[in-house]
Amino acid sequence: MAVSIIDVARLAEVSTATVSRALRGLPNVSEATRERVLRAAEELSYSISPHASNLASGRTGTVGVVLPFVNRWFYSQVVAGIDSVLRANDLDLLLYNLGDARVHERFFDRMPLRRRVDALIVLNLPLSKPEAEALVSMEVPIAVLGTRIPGCWHVSIDNAEGASTAVRHLINLGHRRIGMITGALGDPRGFTTPIVRQHAYRSVLAQAGISYEPDLEAPGNFGIDEGASAMAKLLSLPDPPTAVFAESDQMAFGALRTLHRMGLRAPDDVSVIGFDDHETAELLDLTTIAQPVTHQGELLAQQILDALSGTSEEPTRVVVPTRLVVRGTTGSVRTARPRRNRDPEAP
């Protein structure tokens, strides 16, 4: 089996980015580290590829972006942030959408980005260990949003803290029956964000002495229509929730639509809180957990620029803070139960 840059990094006990810079003679690598990398490369009979040795010159002028969904609001906003920074620095963006399982598999079989990009940005894409190593073996700087890859630059939010803040807000308002509209739980691709937020919801309930009830969770799959259906399911319970935490604003939008169609209001009948601070959230007066989505894309692109220029010696990790934005859809718990006046699916 051919020796890869991953093997050299493991033997030298440094990141793959450091191996690449050391073997290319770039600055910001200590002499001791460079010597250790050179000895490891010599011991393994490893030679850096001609393509990798030309990274610093930016010959392709292109950064690849790999993502699981191209048509979802979150990803479009992140890509917009990436593109704004790259264009300002005369770099092009090459987009690969791996939303389909067959496309995902074919991508890693063929690795079409090899020799076509100077760097790579991966957005919340669950990867197996061989897939992650295949990307690293391209020997280009890699920045990752959410899911971590060892030896790569990284940007994320604290999903657990954001979800915990949302549920604590509802508890502080006096709510004890708190429903949750979950994201893509059980997705075979293994997305972790909805699971982390779900665990935070359950943990905060337990800390407050509130018993967990599985019926108070309903799947929303990060969509408006699915969020609407999830809210209808929660409201059909014999003892429906007085408050609902939706894992995304778009699911919360659907939840508010269901309330409206049933002749109910937030927060008078049910309090609703979302996650994201979508640009429509303020229009709908939605209480939410705000995360700077576009800014995360800008940070990823800046990490790539720093890596390509050699100004970032080791991969950095940036955790972007979230914040509670209180608007009009959450309020103190009411003693009256939600009324089910209409069919929630009626026009």
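Details
- Scoring H169 on the criteria (1) closer than 27 Å to A228 by Cβ; (2) surrounded by fewer than 19 Cβ atoms within 10 Å (Cβ to Cβ) leaves a single failure, condition (2).
- Verdict on R265 being closer than 19 Å to V333 by Cα and basic (K, R): yes
- Elements of type strands (runs of 3 or more DSSP E) contained in the range 55-157, each with 3 or more residues being modelled with pLDDT of 90 or more and open to solvent by less than 10 Å² (accessible area, probe 1.4 Å): 62-67, 119-123, 142-145, 153-157
- The set of residues from the range 268-283 being touching a residue at least 60 places away in the same chain (Cβ under 8 Å), over 18 Å from the mean Cα position of the chain (by Cα) and surrounded by 24 or more Cβ atoms within 10 Å (Cβ to Cβ) comprises V270, S271, I273.
- For the condition out of contact with any His (no Cβ under 8 Å at 6 or more places or on another chain) and more than 20 Å from S164 (Cα to Cα), P240 qualifies.
- Qualifying position, being open to solvent by 70 Å² or more (accessible area, probe 1.4 Å), among the polar types (S, T, N, Q) and without any contact (Cβ under 8 Å) to a residue 24 or more places away in the chain, among S236, S211: S211
- Inspection of the range 284-298 identifies at least one residue that is of a type in the set (D, E), modelled with pLDDT under 95 and open to solvent by 10 Å² or more (accessible area, probe 1.4 Å).
- Of the residues in the range 44-53, at least one is buried (at least 18 other Cβ atoms within 10 Å of the Cβ) and either at pLDDT 70 or above or of a type in the set (D, E, K, R) (or both).
- Total residues in the range 166-181, condition farther than 16 Å from R334 by Cβ, in contact (Cβ under 8 Å) with a residue 60 or more places away in the chain and assigned to a helix (DSSP H, G or I): 3
- Checking L283 against (1) closer than 30 Å to D239 by Cα; (2) part of a loop (DSSP other than H, G, I, E, B), the condition it does not meet: (1)
- Of all residues in the range 93-125, exactly one satisfies the criterion of being more than 24 Å from G81 (Cα to Cα) and either small (G, A, S) or under 16 Å from the mean Cα position of the chain (by Cα) (or both), namely A101.
- Selection within the range 25-43: residues that are assigned to a loop (DSSP other than H, G, I, E, B) and of a type outside the set (V, I, T). The member of this set that is modelled with the highest pLDDT is S30.
The values are calculated or read from the model by the stated rules, or taken from the named source; none is laboratory data. Because the structure is a prediction, the values reported are computed rather than measured. All Cβ positions, even for glycine, are placed from backbone atoms using ideal geometry, and neighbour counts span all protein chains on display. All accessible areas refer to the heavy atoms of the entire protein, side chains included, with ligands and DNA or RNA removed. Shrake-Rupley method; radii C 1.70, N 1.55, O 1.52, S 1.80 Å.
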